[in-house]
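Some notes on the structure that comes next.
Since every read-out is calculated from the coordinates, none of them should be taken as a lab result. Not measured: the values here are computed from a predicted model. Cβ placement follows ideal geometry from the backbone for every residue including glycine, while neighbour counts extend to all protein chains displayed.
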Amino acid sequence: MSTPGAVAAGTDAPALVPPPLSLYVHLPWCVRKCPYCDFNSHQARGPLPFEAYVDALLADLDHDLPLAWGRTVHSVFFGGGTPSLFPPAQIDRFLQGASARLRFAPGLEVTLETNPGTAEHGRFEDYLAAGVNRISFGIQSFDDGCLRRLGRIHDAAQAETAVRLAQDAGFDNLNLDLMYALPGQTAAMALHDLERAIALGPAHLSHYQLTLEPNTVFAARPPQDLPDEDHAWEMQEACQARLADAGYAQYEVSAYARPGRQCAHNLNYWRYGDYLGIGAGAHGKLTLGATQQVLRRWKARHPAAWQAAAGSAAAIGGEEYVAPQQRPFEFMLNALRLVEGFSLAAFQARCGLPVEAIAAPLEEAVARGWLERSGERVVPTALGRRFNNDVVALFLPG
């Protein structure tokens, strides 16, 4: 009997080599659901069960531990929802429990997503003491009109205050999320947002276009005055040039960083690394060296249902083994977002496949001017980065 997702015996395929491992922790509640958001987030109604939820997180982690025995965790990311709704004491309790169960790399990056509208004076020091060493602020814009149209609960002044509070508390590794191509936004407005962000001196900036995702309020009722694709491209080009001038190097489609300050957690995703996903609706991806499989597992989406079942198989929303013929597409979906591209050796180790498995689409992408190949390295061109979806589609299984 064949093993699901395994390469057939007798082939000359390279061995799957487990890549670096990260830990993703989903904290699902927010003050108010934004109309553009398609994440598994739920509006808080009444007091939140912080302590019980952390108990459930640790039980969920215990259940998944056999998938990661002996491996080192290189980054932790608290995503949501709005993780900053959780008190620092509960973040601390979780990190202590997780580090007792898993081997944490020395000095690993620990990121907490934060809504400026939930930041309270004095709490950043406590998050830092708990072990959080990177804050990611969901600012989106410094224009109050744009923020209102996006359904955000903060204004520009609160955003600037929250960033400065975090810096005063000792955080020097900050990311600011900004959107462009917002309803009613011009290129000048997008650049003004960027100038205010740069003035705060963050180590990292995420700068991405507003998209109308399925199953969101904006998809059902699109906002008025959305910039068209030509105007969105104009904004992107102008903002990319300004970011470069300010010393932020683009290293991914929508990520820019000062030297040495790239997000380690997200880099691991884009390099087709592994991650444990715990919490309501969290997704994980694990390379199983013993059976030469790639497993994807996701948890039940609704917080109450997941919490009630945490620590048992009933908390698993689903799982699947990634078939060998599907791995090149998954790998490229991530790796081709990176300016650095990928090495052919990394492809073989992550996918357990020979280079011949991608020879034809790789040759076509090079011929179209979308990718450049230099020895063992494959790098997307500027044209390839602009038409990323078309490049990745070449690697879909036939």
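Remark: spin-label model distance residue 242-residue 168 equals 2.7 nm, labels positioned 7 Å along the Cα→Cβ axis.
Measuring from each cysteine beta-carbon in the chain, the ones with no other cysteine beta-carbon under 4.7 angstrom are 30, 146, 239, 263, 351.
In this calculation the C-beta distance from residue 220 to residue 52 is compared with R0 = 41 Å, giving a FRET efficiency of 0.75. By the count of neighbouring beta-carbon atoms within 10 Å, fewest first, 374, 99 end up ordered 374, 99.
Take every pair of alpha-carbon atoms less than 8 Å apart whose residues are at least six positions apart; their mean separation over the length of the stretch 47-124 yields a relative contact order of 43 percent.
Tell me, in nm to one decimal, what length is gained between residue 157 and residue 32 on full extension, where the rule is 0.36 nm per residue of separation less the Cα-Cα distance?
Once the chain is fully extended between residue 157 and residue 32, it gains 43.1 nm.
Placing a pseudo-label 7 Å from each Cα along the Cα-to-Cβ vector at residue 372 and residue 17 gives an inter-label distance of 2.6 nm.
With only Lys, Arg, Asp and Glu charged, each at its Cβ (+1 for the first two, -1 for the last two), find how big the charge dipole of the chain is about the Cα centre; round to the nearest 20 debye.
It works out to roughly 660 debye.
Extension gain for residue 199 to residue 44 (0.36 nm times residue separation, less C-alpha to C-alpha distance): 52.5 nm. Placing +1 on each Lys and Arg Cβ and -1 on each Asp and Glu Cβ, with no other charges, gives the stretch 325-393 a dipole about its Cα centre of roughly 200 debye. Potential lengthening of the chain between residue 305 and residue 254 amounts to 15.0 nm, from the contour at 0.36 nm per residue minus the alpha-carbon distance.
Summing charges over all other residues whose Cβ lies under 9 Å from the Cβ of residue 116, with Lys and Arg as +1 and Asp and Glu as -1, gives -1.
Suppose a student asked you for the relative contact order of the chain, using Cα pairs under 8 Å spaced at least 6 residues apart; what percent would you report?
20
One quarter of the convex hull surface built on the alpha carbon atoms of the chain amounts to 20.0 nm², the projected area averaged over directions. Cβ under 13 Å from residue 233's Cβ, residue 233 left aside: what net charge do those residues give with Lys, Arg +1 and Asp, Glu -1? Value of the local net charge: -3.
Here's the picture: charge each Lys and Arg Cβ at +1 and each Asp and Glu Cβ at -1 in the chain, and of 231, 391, 17 the one pushed furthest to the positive end of that dipole is 17. When the Cα positions of 78, 156, 136 are compared along the charge dipole of the stretch 72-211, 78 comes out farthest toward the positive end, with charges on each C-beta of Lys, Arg, Asp and Glu.
Pairs of Cα atoms under 8 Å, at least six residues apart: use those to get the relative contact order of the stretch 325-393, whole percent. Here the relative contact order equals 36 percent.
Measuring between their Cα centroids, the stretch 296-344 and the stretch 135-175 lie 30 Å from each other. Antiparallel beta bridges, as assigned by DSSP with both residues in the chain, represent about 40 percent of the total such bridges. Here the spin labels are modelled as points 7 Å beyond Cα on the Cα-Cβ line, and at residue 316 and residue 396 they lie 2.9 nm apart. Can you figure out the FRET efficiency of residue 125 with residue 99, using R₀ = 22 Å and their beta-carbon distance, to the nearest 0.05? Taking R0 as 22 Å, the efficiency between residue 125 and residue 99 is 0.60. Would you tally the net charge around residue 339, using a Cβ to Cβ cut-off of less than 14 Å, leaving residue 339 out, and scoring K and R as +1, D and E as -1? Overall, the nearby charge balance is +2.
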